[in-house]
Amino acid sequence: MELARRGELWQHVAISGQRVLLGFAAGASAGVLLGAAVGLYAPVRALLAPSIAALRAVPSLAWVPLLVLWLGIAEAPKIVLVAIGAFFPVYTTVATALAHVDPHLVEAGRAYGLRGVGLLTRIQLPYAAPAVLAWLRLGLAQGWLFLVAAELIASSMGLGFLLIDSQNTGRTDILLLALLGKAADALLGLLARSLSGPLARDPG
């Protein structure tokens, strides 16, 4: 590939990778925190769940003009759009998993004196961990998909920009984007398998 020979390709890869990493970290973190609050506390669920469900129905490209209006055309709207893509799968899974923790396990934990953070970290999170780790992979995949939309925002660098440019030049940069997304998914899959065993063990 000509871009690789000139050394330009790796600049695009680095910029896109940075955007996905920052956006995924922010979106997944927010998804875990809000999902835990909604899943564990009924008043929070009644207050926030309907609004978040409504926001989830907004298509990715519909966020683009809003983010440009609110945040301008620098890096912030691109990272925020990736974060939005990562947020919803993680939030939904965490909220659902924690809302359906086996009540017998919760009662057993309370019988052993666990409350609040102790109950969450020793019983509830380990119970939900396998599903959450699996859906983190979907959040990462969503982040890469939203990256393409993000790099439509007045961008002159990144793999999304190359993808659009390749439509006019006949290049095959889309293959590189697919390979990078698959590699990131595979790495997160290995991490999930390595962590799911210890996290899912009976904490008693």
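The values are calculated or read from the model by the stated rules, or taken from the named source; none is laboratory data. None of the values given here were measured: they were computed from a predicted structure. Note that we place each Cβ from the backbone using ideal geometry, even for glycine, and neighbour counts take in every protein chain shown. To get the accessible areas, we keep the full protein, side chains included, count just its heavy atoms, and leave off ligands, DNA and RNA. Shrake-Rupley method; radii C 1.70, N 1.55, O 1.52, S 1.80 Å.
Would you report the distance distribution of C-alpha pairs in the stretch 1-108 as whole percents per 10 angstrom bin, up to the bin with the largest distance?
Histogram of Cα-Cα distances, whole percents per bin: 14, 32, 28, 15, 8, 3, 0.
Along each of the three principal axes of the Cα atoms of the stretch 75-121, give the extent in whole Å, ordering the values from largest to smallest.
Each principal axis gives a Cα extent; for the stretch 75-121 these are 50, 18, 8 Å.
Can you give the extra length, in nm with one decimal, that the chain gains between Leu145 and Trp70 once fully stretched, where that is 0.36 nm per residue apart less the Cα-Cα distance?
Details: separation 75, 0.36 × 75 = 27.00 nm, distance 2.16 nm.
Answer, rounded to one decimal: 24.8 nm.
Can you give the accessible area per residue of the stretch 1-115, in Å², using a 1.4 Å probe?
Numbers: 6270 Å² over 115 residues.
On a per-residue basis, 55 Å².
Is there a quick way to get the dipole size of the stretch 16-137? I mean about its Cα centre, with the Cβ of Lys and Arg at +1 and of Asp and Glu at -1; what is the value in debye to the nearest 20?
Details: 8 positive and 3 negative charges, 11 e Å.
Its charge dipole is roughly 60 debye.
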